[in-house]
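These notes concern the structure reproduced below.
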Amino acid sequence: MTPELQRLETAPTTPRRRGSASWVHFHGWRIVGAGALISAIGSGLVVQGFSAYAVLLREEFGWSAGMIAVAFALNRAESGLLGPLQGWLIDRFGPRRVLQLGAIVMACGFFLFSRVNSLWQFYIFYPLVAVGVALCGFLTVVTTVVNWFERRRAFALAAYSAGFALGGMLIPVLVWYLTRFGWRSAAVASGITTLVVLLPLSLVFHHKPSDIGQHVDGIDPDAPQPSRPAAVAVSEVHFTTAEAVRTRAFWFISLGHMTALLVVASLLAHLALYLTEDHGITLKEAGWVIAALPILQLLGQFAGGYLGDRYDKRLLSAGCMVGHVIGLLLLAHGGGLWAVALFIPFHGIAWGLRGPLMQAIRADYFGSTSFGQILGYSSLIVMLGTIAGPLIAGMLYDTTGSYTLGFTIIAALASTGIFFFLFATPPAPPVRAD
């Protein structure tokens, strides 16, 4: 045997790093990809597309900004109130059935919305769309991702959240369709798209890795475990919902998340109206501005996924709140398109970076066993921000003829979120009789 062959025979075999070479075979990443596409549909057609519909509805029916904001608030209220029940449904029946139910409800809502001819119909039919988006969207997908990932949880959640940003990039396409074929035709097309895309994607979803013989993160728990970055505090205890609700961390995370969505929801509902009425640009031009936000949001999401697995999520979240506040104050007091240009990176990066951290920090603190119900109950608090933000901005606009006062008040309220996140320290393990 030659010396070279002898070295190859006697050289120790280098073990393949688990989770890297086998990632293609780990079904969790397929769930993340399918979840991102589902998020893109809900984001582009409904959540970020709402303000584009708002401009055309106001032109056709003469409804005020406050009236339209009520519909957006109803959407968010229904989604929030649905949270505890949705969390139970996911744990009881699994995410696939909940996703399929949501796709059907969302499509039916779009078909009914296309027939709206009065304000009361708008207040009933459009929130039905939101119920469908909630059932087949955020809480369902995030709960599933949390069950499949632990060590790469922040990155997996960021990759899923990228779908929301991608949906926002499709706003110019939606605006083109709205202006060319009308909002009623767009609603019908959206309903058909929902059924054709979301129902097949739901088949990818399995509640837990054990359902198909895999492990969390694709790593065998009996194998040597790689070290975890010191900054990432992951509880070894899986809290029950009742135990989580009794912790300070549950309330401070929920209140911080709520203050962030004061800003996000007010802009989702009013940004197109603000741009077309306060700055006098066309709906098509406003669509391009709205589409620029998700590009920065996407950068923030992957930054959040990388940083969230390595650094303190509390401090990162508090920093994001600073970005939200500065961005909104630029819109309120900037007085020109230069302020809009500066607002986009401040708000977009903060929004994207903070998004995956909200769910990752809850899972780190409370575990995954009751995550769906814990997140569902937290949504009852978070929804207050999604309701109050649009209403404050819309009603003060109707009163003052400007968004300046409303945006300033929302920015002041949102600044409290900095302190909520700073004090949301990891909870002590619950005291149990056993």
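The values are calculated or read from the model by the stated rules, or taken from the named source; none is laboratory data. Note that the coordinates shown come from a computational prediction; the quantities given were computed from them, not determined experimentally. Positions of Cβ are generated from backbone atoms using ideal geometry, with glycine treated the same way; all protein chains shown enter the neighbour counts.
Structural remarks
- Test: F110 is over 20 Å from L384 (Cα atoms), surrounded by 24 or more Cβ atoms within 10 Å (Cβ to Cβ) and in contact with a Leu (Cβ under 9 Å, 6 or more places away or on another chain): yes
- R115 touching a residue at least 12 places away in the same chain (Cβ under 8 Å), closer than 24 Å to R30 by Cβ and not in a helix (DSSP H, G or I): no
- Check on L342, modelled with pLDDT of 85 or more and within 19 Å of the chain's Cα centre (by Cα): no
- In the stretch 40-64, the residue that is farthest from A134 (Cα to Cα) out of those that are modelled with pLDDT under 80 and not hydrophobic (A, V, I, L, M, F, W, C) is S51.
- Pairs with Cβ under 6 Å, 6+ apart, first in the stretch 84-99 and farther than 11 Å from G376 by Cα, second part of a helix (DSSP H, G or I) and among the hydrophobic types (A, V, I, L, M, F, W, C): V98/L89; V98/I90; V98/L135
This table checks each residue for (1) more than 29 Å from E150 (Cα to Cα); (2) among the small types (G, A, S); (3) in contact with a Pro (Cβ under 9 Å, 6 or more places away or on another chain).
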residue	(1), (2), (3)
F371	no, no, no
S378	no, yes, no
L391	yes, no, no
L396	yes, no, no
L413	yes, no, no
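- Yes/no for G385 being out of contact with any Phe, Trp or Tyr (no Cβ under 7 Å at 6 or more places or on another chain) and buried (at least 20 other Cβ atoms within 10 Å of the Cβ): yes
- Residues of the stretch 362-376 classified as part of a helix (DSSP H, G or I) and either closer than 14 Å to W88 by Cα or β-branched (V, I, T) (or both), total: 6
- Taken over the stretch 200-216, the residue count meeting the criterion of being over 22 Å from the mean Cα position of the chain (by Cα) and buried (at least 16 other Cβ atoms within 10 Å of the Cβ) is 4.
- For the stretch 200-230, taking the residues that are in a loop (DSSP other than H, G, I, E, B), among the aliphatic types (A, V, I, L, M) and modelled with pLDDT of 70 or more, the one that is farthest from A103 (Cα to Cα) is identified as I219.
- Unmet criterion (only one of (1) surrounded by 19 or more Cβ atoms within 10 Å (Cβ to Cβ); (2) more than 23 Å from V55 (Cα to Cα); (3) without any contact (Cβ under 8 Å) to a residue 24 or more places away in the chain; (4) aliphatic (A, V, I, L, M)) for L353: (3)
- Considering the conditions (1) closer than 13 Å to V263 by Cβ; (2) within 18 Å of the chain's Cα centre (by Cα), G327 is excluded by exactly one of them, (2).
- Residue in the stretch 145-199 that is farthest from V98 (Cα to Cα), counting only those that are over 21 Å from the mean Cα position of the chain (by Cα) and among the charged types (D, E, K, R): R180
- Against the numbered list (1) under 26 Å from A54 (Cα atoms); (2) assigned to a helix (DSSP H, G or I), S402 comes up short only at (2).
- From the options V129, V133, V188, residue that is in a helix (DSSP H, G or I), closer than 22 Å to S378 by Cβ and not polar (S, T, N, Q): V133
- Among the residues listed as L293, L255, the single one being buried (at least 24 other Cβ atoms within 10 Å of the Cβ) and either hydrophobic (A, V, I, L, M, F, W, C) or assigned to a loop (DSSP other than H, G, I, E, B) (or both): L293
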